[in-house]
1. Relative contact order (percent) for the chain, with alpha-carbon contacts under 8 angstrom and 6 or more residues of separation?
2. What Rg and what Dmax come out for the chain when only alpha-carbon atoms are used, in angstroms?
3. State the percent of C-alpha pairs, over all pairs in segment 133-192, separated by a distance greater than 18 angstrom.
4. For R306, R134, write out the residues from largest to smallest accessible area, computed with a 1.4 angstrom probe and no ligands counted.
5. Evaluate the Debye formula for segment 83-171 with equal point scatterers sitting on the alpha carbons, no solvent, and hand back log10 of I(q)/I(0) at q = 0.11, 0.16, 0.25 Å⁻¹, in q order, two decimals.
6. DSSP beta bridges in segment 9-168, what fraction antiparallel, as a percent rounded to 5?
7. Mind checking which aspartates and glutamates have their Cα closer than 15 Å to the Cα of K314? Skip sequence neighbours fewer than 8 apart in that chain.
8. Quick one: length gained pulling D311 to A176 fully straight, 0.36 nm per residue minus the C-alpha distance?
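The values are calculated or read from the model by the stated rules, or taken from the named source; none is laboratory data. A quick note: this is a predicted structure, and the numbers were derived from the prediction, not measured. We place every Cβ from the backbone using ideal geometry, glycine too, and count neighbours over all the protein chains shown. Ligands, DNA and RNA are stripped out before the accessible areas are found, and what is left, the full protein with its side chains, is counted by its heavy atoms. Shrake-Rupley method; radii C 1.70, N 1.55, O 1.52, S 1.80 Å.
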Amino acid sequence: MAVPASLDTVAVVGNGLIGHGMAQIFAAAGREVVLIGRREESLAGAMERIGASLSSFAAHGLLDSAEVAAAFARIRTSTDLGDAAAAQLVLEAVPADQAVQDEVYGALDRICAPPTVFASGSGQPASDLVANVRHRGRVIAAHFWYPPQLIPLVEVCAGPETDPDVAPWLCEVLRAAGKEPVTVDKEIPGFLGNRLQYAILREAWALWSEGAASAEAIDTVVKASIGRRLAITGPIESADVGGLDTLHAFGAYLIPHLRNDPQPARAVTDLVEAGHRGLPSGRGVYDGSRRDGERLLAEREAELFRHLARDDAKRG
């Protein structure tokens, strides 16, 4: 299968947390974008969020006012999936519901002629998305991290029927849009990032659940040590830097003591079953009434912008 010769138009199907960020990324990179959702009201809300996010980029010196206006103007909204027909790249960001995704991909396969590429940002492997697709060589996973306009990583993973030219083409497109794609060489549940994230989260939840330390202590350990170091040297790189023989020897001692429970810690399950969802509901492991959630999110966003500024300076 040939890949698109150029990229002028990107269609984003789904206007939620990931979808509206995808639309912003490609509009800011100079592409025409059609953002497709189910309801005009939700699309209007997505455009408001995009406008606010673009303004934040300007406030942090990453875009000027003219670039913000131009990016916003490149995005149009639609409730008609047929408006994806003109796109060379379709990014899917619908809920990870098999019936919904089968319906969407089947329709897109009829609407969009090859070589238009279909890239799923929903975290599902490509092989789970092609039941209703005839031209399966153009379907690939492109796992963006939230918030996608602030996190550079995109995990690109071809399925067994994906054409071999699609992943390199998509990685080039993503780099041109300012992202940092990595290629996952085989389909595995969760790809790379979530597997690493949940390995840490399982251990952290277990340590808290069994009373080894408070949530505050566990989070401080990560933020004040490996959280800083891993932004510079990843886990495998850090082990090589520290001395592979030393890390291997300590691993031989410690790994047998790490949790390998097949389910989240019981204490966390109890919270969820009681309706405690964390910050969205006001209580989780932490008591939301004793925390300034808005300030926490603002501090996190500011730090992500500082990382983006450093990335931008390196590219410049």
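1. On the way: 455 pairs, mean separation 43.5, N = 316.
Relative contact order here is 14 percent.
2. Both quantities, over Cα of the chain: 21.1, 59 Å.
3. Values: 573 of 1770 pairs.
I get 32 percent for the Cα pairs in segment 133-192 exceeding 18 Å.
4. Values: R306 115, R134 185 Å².
Correct descending sequence by accessible area is R134, R306.
5. Debye intensities relative to I(0), on a log10 scale: -0.26, -0.56, -1.37.
6. On the way: 5 of 25 bridges.
Expressed as a percentage, antiparallel bridges in segment 9-168 total about 20.
7. E180
8. Details: separation 135, 0.36 × 135 = 48.60 nm, distance 1.38 nm.
So the chain would gain 47.2 nm between D311 and A176.
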